[in-house]
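These notes concern the structure reproduced below.
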Amino acid sequence: MASCSCGETTDQSKEAAMQKVFDQYRDIKGGLIPVLQEAQDIYGYLPKEVLQQIAKELKLPYSNVFGVCTFYAQFHLQPRGRNIIRICLGTACHVRGGAKIFEAAQEALGVGQGGTTEDLRFTLETVACIGACGLSPCMMVNDNTHGRLKPLEVAGIFETYK
Ligand code: FES
């Protein structure tokens, strides 16, 4: 995908990438999900105008396209942060203070569950278990697991992600 000198992918190159996706899936039955996945990879989320374009290109009612997006958790209708934080509130983490870790994260970022910081640096989410119960309370930032957390450490960990 082409980029301008500032490193941002241009709108034009995003549109060109979408045209390739439409060319690939336009006549394929069941092409909606892969088109949505590719669109989300290109834009980082699924803006309304893009959903409208997808409906038009695939000759589907907009309500169908929108309905699929809201049904599957993998699709995001709002911009997401460059770094995705997942605070574990599963049983093991809960009994070891997971809620306090979540509170500290909310305070550090100024957003709540599902929120994204204005600078698009972070999105904050909660999960039921990340499979690292022995490290509870824990969280993931992108693909990294941070365990045996203390509330006071949380902001400092976020600082290491740009
Ligand atoms: S409950 Fe938190 S990692 Fe399993």
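Of note:
- Search result, residues across segment 139-154 that are under 15 Å from the mean Cα position of the chain (by Cα) and within 18 Å of residue 90 (Cβ to Cβ): 140, 141
- Residues in segment 83-100 that are near the ligand (Cβ under 8 Å from one of its atoms) and touching a helix residue (DSSP H, G or I) at 6+ places or on another chain (Cβ under 9 Å): 88, 89, 90, 91, 92, 93, 98.
- Residue selected from segment 22-44 under the condition under 23 Å from residue 79 (Cα atoms) and of a type in the set (Val, Ile, Thr), by the criterion modelled with the lowest pLDDT: 42
- Of all the residues in segment 45-55, those that are in a helix (DSSP H, G or I) and either open to solvent by less than 80 Å² (accessible area, probe 1.4 Å) or modelled with pLDDT under 95 (or both) number 5.
- Selection of segment 56-85 for residues being open to solvent by less than 20 Å² (accessible area, probe 1.4 Å) and closer than 16 Å to residue 115 by Cα yields 75, 81, 83, 85.
Residues are listed down the side, and each one gets a yes or a no for (1) within 16 Å of the ligand (Cβ to nearest atom); (2) not in a loop (DSSP other than H, G, I, E, B):
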{"residue": "112", "(1), (2)": "no, no"}
{"residue": "119", "(1), (2)": "no, no"}
{"residue": "125", "(1), (2)": "yes, yes"}
{"residue": "129", "(1), (2)": "yes, no"}
{"residue": "134", "(1), (2)": "yes, yes"}
{"residue": "140", "(1), (2)": "yes, yes"}
{"residue": "145", "(1), (2)": "yes, yes"}
{"residue": "148", "(1), (2)": "yes, no"}
{"residue": "153", "(1), (2)": "no, yes"}
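- Meets criteria (away from the ligand (no atom under 16 Å from the Cβ) and surrounded by 14 or more Cβ atoms within 10 Å (Cβ to Cβ)) for residue 106: yes
- Yes/no for residue 117 being hydroxyl-bearing (Ser, Thr, Tyr), in contact with a Lys or Arg (Cβ under 6 Å, 6 or more places away or on another chain) and either free of Cβ contacts under 8 Å to residues at least 12 places away in the same chain or closer than 30 Å to residue 51 by Cα (or both): no
The values are calculated or read from the model by the stated rules, or taken from the named source; none is laboratory data. The model shown is predicted, which means the values in this text are computed figures rather than measured ones. All Cβ positions, even for glycine, are placed from backbone atoms using ideal geometry, and neighbour counts span all protein chains on display. To get the accessible areas, we keep the full protein, side chains included, count just its heavy atoms, and leave off ligands, DNA and RNA. Shrake-Rupley method; radii C 1.70, N 1.55, O 1.52, S 1.80 Å.
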